[in-house]
Amino acid sequence: MKAMLYADWMNLRRSMKAMVIATVVIALASIVSGNGLSFVPAMLCMLSLMVPATLMSSDYTYGWDKLSLSLPVSRRDVVSSKFAISLLVNLTVVALGMICIAGMNAFGGDAMAEDMMGMLACEAVGLALMGIEFVLVLRFGPERGRYFLIGVVWVPIILLTVVKKHPAFDKLVQAVGGMDSWPVGQLAAFFGGLVIVGAIVYAVCWRIGVGIYRKREL
C-alpha cells in the first residue's frame, strides 16, 4: 500500500504545477476584479476535484494500471491509494482555505463565521463529487467518465434553473434565508453535518470503486 501511495503521489506531482498556476490566476483575477480574495478559499476546495481524474488519466496514459497489478498489490490497494491521495490533497487545500479566511478576517474582514460555513459547504460538495468522479472514471474510463461528471454537475444546475420559477422554490429560498438568524453553533452543526454526509458518500463511492475495479479486465 505504501508503494502505491508513493507512486500515485509522484504521478500527481507532475500536475501540481498546473494546479498552483490555476490558483494564482484565480487569486489575481479576483483581486483585479475588486473582490479581493473572498472566493479563493472555495475555489481552492473545488480545485481538488481535478485530482481523481488526474490520477486515473496518468494510470491509463502510462499503462500503470496494468503494470501495478503485476506487483504484489491487490486491486483494493490500487483504488484505496488513489482515494487516500485525493482525500489528503482535498483536506490540505481546505486547511489552506480556512487559513486564508482567518487571515483575511484578521485584516479587516467581518464575516469569518459566514466564510467558514461556506467553506464547509464547499467541502461537503467536493467530497461527494470526488467520490462520484472516481466511480465514473473507474466504470467508464478517464475520457467518458469526465463527460458523465459534467452531467452530474450541470444537470442539477439546469434543473434548478428550470424549477426556480415554481412556488415551492420560493418557499425553499425563504427557509434557507431564515438560516441567517441561526446561532453560530447551530450553523456549525448544520454544515458539519453536510460534511459528514459528503464523507459518507465518499466512503460509499470507495466501496463501489473497489468493486468495479475488481471485476474489470485490464
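No value in this document is a laboratory result; all are computed from the given coordinates. The structure presented is a predicted model; accordingly, all values stated were derived computationally and were not measured. We place every Cβ from the backbone using ideal geometry, glycine too, and count neighbours over all the protein chains shown.
Quick notes on this one:
- Taking other C-beta atoms within 10 Å as the exposure proxy, ASP8, ASP59 rank ASP59, ASP8 from fewest upward.
- Whole-Hz couplings from phi, Karplus 6.51/-1.76/1.60, listed for region 200-207; x for Gly and Pro: 5, 4, 4, 5, 5, 5, 4, 4
- Protection-proxy order for peptides 88-97, 16-25, 74-83, each taking the mean of Cβ atoms within 10 Å per residue, highest first: 74-83, 88-97, 16-25
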